[in-house]
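Q: I have a structure I would like to understand better, so I am pasting it below and will then ask my questions one at a time.
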Amino acid sequence: MLFSPESPELRSARRMGGAFILAVSFAVLIVMLWQDYRQLDDRAGNLAQSGICGAGDAVTGPQDEQLAAFARRAGLDFPDVFVTVANTVNATGDLPRCYLTKSEARQTGWRPGRNLWETAPSKAIGGDRFGNREKRLPATYNGRYREADLDFNGHRDGGRRGAHRLVFVEGSRGQWLMWVTVDHYDSFRQIPRP
């Protein structure tokens, strides 16, 4: 039987076809979102197991999304780890326990230019004074700045420390001021305060 262009049967079939296409599209979207979520969840688990300093110590704060966006814009490799490090400094005035000063690292047998993970797995260098010799940060805090490696991965680049650093200092009102450099002190970006 042929349907006329205006027949109720044809209009009903069109509506059902449109609803079917909409339902299928929605189902595909749900599946894609679920796969993305699983990949993010797997990445977080793999990151924690990778040994990256700070990866397993999720410390949250009121500006986590803002810090993660800052880290991505700055070009950091592990934004979630950066969020934990920044939140730890804001909350305690110190770095996560996985950081060792250069002196502490030397006590494990590490020497500059060698892979820290050969003598101290899952650790990173941090907590030493930063001299601001380049004079790119406010001179008001000279002598009080401290620095820490960011994105250090002993399995990558032969275990070299890389150019990513966090520099932080306690400000005049007791707030922690922090900067990130991704080019080994040639330039700095100040981290937004909470």
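FYI, it's all coordinate maths here, none of it is from the lab. Keep in mind that what you see is a predicted model, and the values were worked out from it rather than measured. All Cβ positions, even for glycine, are placed from backbone atoms using ideal geometry, and neighbour counts span all protein chains on display.
Q: What percent do you get for the relative contact order of the range 66-194 when only Cα pairs under 8 Å and 6+ apart count?
A: Answer for the range 66-194 is 20 percent.
Q: From the convex hull of the Cα coordinates of the range 61-194, what is the mean projected area in square nanometres?
A: Over every viewing direction, the Cα hull of the range 61-194 projects on average to 7.8 nm².
Q: So for each of 107-120, 155-168 I average, over its residues, the number of other beta carbons within 10 Å; can you give me the resulting order with the highest mean first?
A: 155-168, 107-120
Q: If you don't mind, there's one more thing I want to ask. Please find the FRET efficiency linking T101 to R136, where r is the Cβ-Cβ separation and R0 is fixed at 25 Å, and quote it to the nearest 0.05.
A: 0.65
Q: Which three extents, in angstrom, do the Cα atoms of the range 95-168 have along their principal axes, listed largest first?
A: Taking the Cα atoms of the range 95-168, the three principal extents are 38, 23, 20 Å.
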